[in-house]
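Below is one structure, written out as structure tokens; the observations come after it.
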Amino acid sequence: MQILYCFPALERLRWVAVLGVVWVMVACSSAPLSKASVSESDPVASAGTADPAQDFFRWVQAFSAYAHTEGIDDNTLHSAFDGIQYLPNAIASDQAQPEFTRNVWDYLDGAVSALRVSRGQAKLQQLRVGAVSLDAIAARYGMPAEILVAIWGMESSYGSNTGNLSTIDALATLGFEGRRGPWARAQLLAALKILQSGDISRAQMLGSWAGAMGQTQFLPTSFLAYAVDADGDGKRDIWGSVPDVMASTANLLARSGWQAGQTWGLEVRLPPGFDPALADPAVRRTTPQWAEAGVQTHDGAPLPMLVDSALLLPAGAQGPAFVVGPNFRTLLRYNNATSYALAVGLLAQRLAGGPGVQAGWPRDQQALTRSQIQALQTALNAQGFDTGVPDGVVGPATQAGVRQYQRSQGLSADGYPTQDLLQRLQPTPQ
Ligand code: CA
């Protein structure tokens with residue numbers, strides 16, 4: 001049974017306003033604040049009081065008691081929680097829904113910049129001759145060294161920007177706030193287990209507001225499952241030891257399905273008249289089947305063998321085309337965003353001396369804002385092309401709705417929403 005508990009919203013509102021956080025107030029009767037949704041089995045649901053600062057510390061106390069029952073010892077609990085701090089910015093970041101979005105080409109320009117490529121190539125050279133060779137680590141896990149270095153470049157600019165927030169403080173704040181409460185509490189418990197294992201001290205356990213830690217931004221549960229001591233000092237140190245960072249990242253990817261010896265994918269050319277509706281993650285082919293349909297490489301070489309590969313048109317039919325295989329989907333396990341996985345693949349390709357994107361991006365197109373996407377979703381729904389609940393985010397349901405609409409209009413069905421499409425759906429009133 002689900003028990004709904006109503007947090008004293010006004011007190012909370014006053015408190016966070018003092019801390020400079022924008023808070024969207026939700027009527028308690030119809031939609032309780034997310035902290036309010038706790039189940040009977042929730043180990044650390046705490047009642048609100050008139051003093052919200054007290055509420056946080058009470059919550060930490062309750063969590064500490066719960067963690068003790070999960071096997072965390074008193075020393076670890078004292079070192080974790082004696083100096084605990086509430087981080088209002090973690091909540092503000094967690095709730096941020098930016099109005100402006102970036103086109104995929106703008107994102108890739110930054111992610112795979114000339115500077116990031118040259119720095120990554122220098123890092124690759126250094127690590128090949130280091131005490132613990134990167135090539136040996138990569139070979140042990142069946143991973144290309146360039147993919148590991150590309151992820152390192154994407155996650156922390158090669159270790160130079162790992163985030164400087166206390167992971168314990170960040171996760172306790174998110175656990176208390178409750179929007180993603182069960183998730184944050186599981187991560188906080190995992191972080192305590194890491195402290196107890198002696199791999200890292202509380203002061204050095206630093207990362208992002210969202211609890212991602214170290215040079216390749218591991219969540220605590222991923223750390224427990226995949227972190228590796230590769231330099232042999234007895235500690236799994238993804239903050240300070242580059243061999244540990246590389247081996248841990250390689251281990252995570254290898255155990256998430258990376259297939260050794262296979263590329264993530266490649267840029268391709270489509271024949272004239274190719275049906276862009278085939279660019280759908282659910283449509284899987286072998287590369288010989290794509291070749292039969294007229295799909296070619298840019299340099300005329302045969303397509304590498306990939307089974308179960310999909311065609312990707314990240315900017316619709318007017319932009320570059322890629323064939324992506326199972327290893328692309330493994331990169332999505334690291335961070336579930338197509339543009340992220342594409343950036344890692346393309347950066348790795350450049351680090352290995354390969355080309356960047358060959359075809360031109362439709363750079364004259366302006367990205368839809370969040371409210372424009374929402375308007376597009378609402379208009380499609382109203383006309384019978386289901387996109388799900390309008391949320392201002394383009395996902396598979398929106399792409400499917402756009403495709404159906406495009407087909408009904410005799411347009412190229414690439415499922416890619418543009419300003420033109422929005423205008424067609426919502427003609428400006430005369
Ligand atoms: Ca180590």
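The values are calculated or read from the model by the stated rules, or taken from the named source; none is laboratory data. Keep in mind it's a predicted model, so treat the numbers as computed, not measured. Counting neighbours? That spans all protein chains shown, and the Cβs are built from the backbone with ideal geometry, glycine included. Protein only, heavy atoms only, side chains kept; ligands, DNA and RNA dropped before computing areas. Shrake-Rupley method; radii C 1.70, N 1.55, O 1.52, S 1.80 Å.
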**Q.** the stretch 416-424 - phi-based ³J(HN,Hα) in whole Hz, Karplus 6.51/-1.76/1.60, Gly and Pro as x
**A.** 9, x, 10, 4, 4, 5, 4, 5, 4
Q. Dividing the Cα convex hull volume of the stretch 371-430 by residue count, how many Å³ per residue is that?
A. 77
Q.
Can you list residues from other chains, or at least 5 along the same chain, whose modelled amide H is less than 5 Å from the amide H of LEU165?
A. GLY207
Q: Mind giving me the FRET efficiency for SER408 and GLU292? R0 is 22 Å, r the Cβ-Cβ distance, nearest 0.05 is fine.
A: 0.15
**Q.** Mean Cβ neighbour count within 10 Å, used as a protection proxy, ranking 236-243, 161-168 highest first
**A.** 236-243, 161-168
Q | 5 angstrom amide H check on PHE218, placed H, neighbours 5+ away | A | MET213
**Q.** Accessible surface of ARG350 - all protein chains present, 1.4 Å probe, nearest 10 Å²
**A.** 70
(Q) Give me the percent relative contact order of the chain, please, defined on Cα pairs under 8 angstrom at least 6 residues apart. (A) 13
Q: Note down the nm distance, to one decimal, between modelled labels 7 Å out along Cα→Cβ at ASP299 and at ALA96.
A: 4.0
Q.
Using a Förster radius of 41 Å, what is the FRET efficiency between ASP51 and SER79 based on their Cβ-Cβ separation? Nearest 0.05, please.
A. 0.95
Q. What is the Cα centroid distance between the stretch 155-200 and the stretch 324-339, reported in whole angstrom?
A. 24
Q | Debye-sum result for the chain in log10 I(q)/I(0), which assumes one identical scatterer on each alpha carbon, at q = 0.06, 0.10, 0.12 Å⁻¹ | A | -0.31, -0.85, -1.14
Q | For the chain, accessible area per residue (1.4 Å probe, heavy atoms of protein chains only), Å² | A | 46
Q | ³J(HN,Hα), Karplus 6.51/-1.76/1.60, whole Hz, each residue of the stretch 226-241, x for Gly, Pro | A | 10, 5, 10, 8, 9, 8, x, 8, x, 10, 8, 10, 8, 9, x, 10
Q) Where in the stretch 260-302 does the amide nitrogen come within less than 17 Å of the point 7 Å from the Cα of ALA367, taken along Cα to Cβ? A) none
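As a check on your grasp of the helix formula, calculate [θ] at 222 nm for the chain: sum -39500 (n - 2.57) over DSSP H runs of n ≥ 4, divide by the residue count, round to the nearest 500.
Counting only the DSSP helices, I get -14000 deg cm²/dmol.
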Q | Built amide H within the under 5 Å cut-off of VAL268, gap 5+ | A | ALA321, PHE322, VAL323
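Computed over the Cα atoms, what is the radius of gyration of the stretch 302-430 divided by 2.2 N^0.38 Å, N being its residue count?
Details: Rg = 16.5 Å, N = 129, 2.2 N^0.38 = 13.9 Å.
So the Cα radius of gyration is 1.19 times the expected 2.2 N^0.38 Å.
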Q.
Could you compute how much accessible surface ASP231 exposes when probed at 1.4 Å, giving the result in Å² to the nearest 10?
A. 60
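Just to make sure I understand: if all protein chains stay in place, what is the order of LYS235, LYS123 by accessible area at 1.4 Å, largest first?
Correct descending sequence by accessible area is LYS235, LYS123.
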Q) Between ARG269 and SER160, what length comes free when the chain is fully extended (0.36 nm per residue of separation minus the Cα-Cα distance, one decimal in nm)? A) 35.5 nm
(Q) Quick check: residue separation of GLN358 and ASP420 times 0.36 nm, minus the Cα distance between them. What number comes out in nm? (A) 19.8 nm
Q: Please find the FRET efficiency linking ASN335 to ARG255, where r is the Cβ-Cβ separation and R0 is fixed at 22 Å, and quote it to the nearest 0.05.
A: 0.85
Q. Using a probe of 1.4 angstrom, how much of the accessible area of the chain is carbon and sulfur, in percent?
A. 52
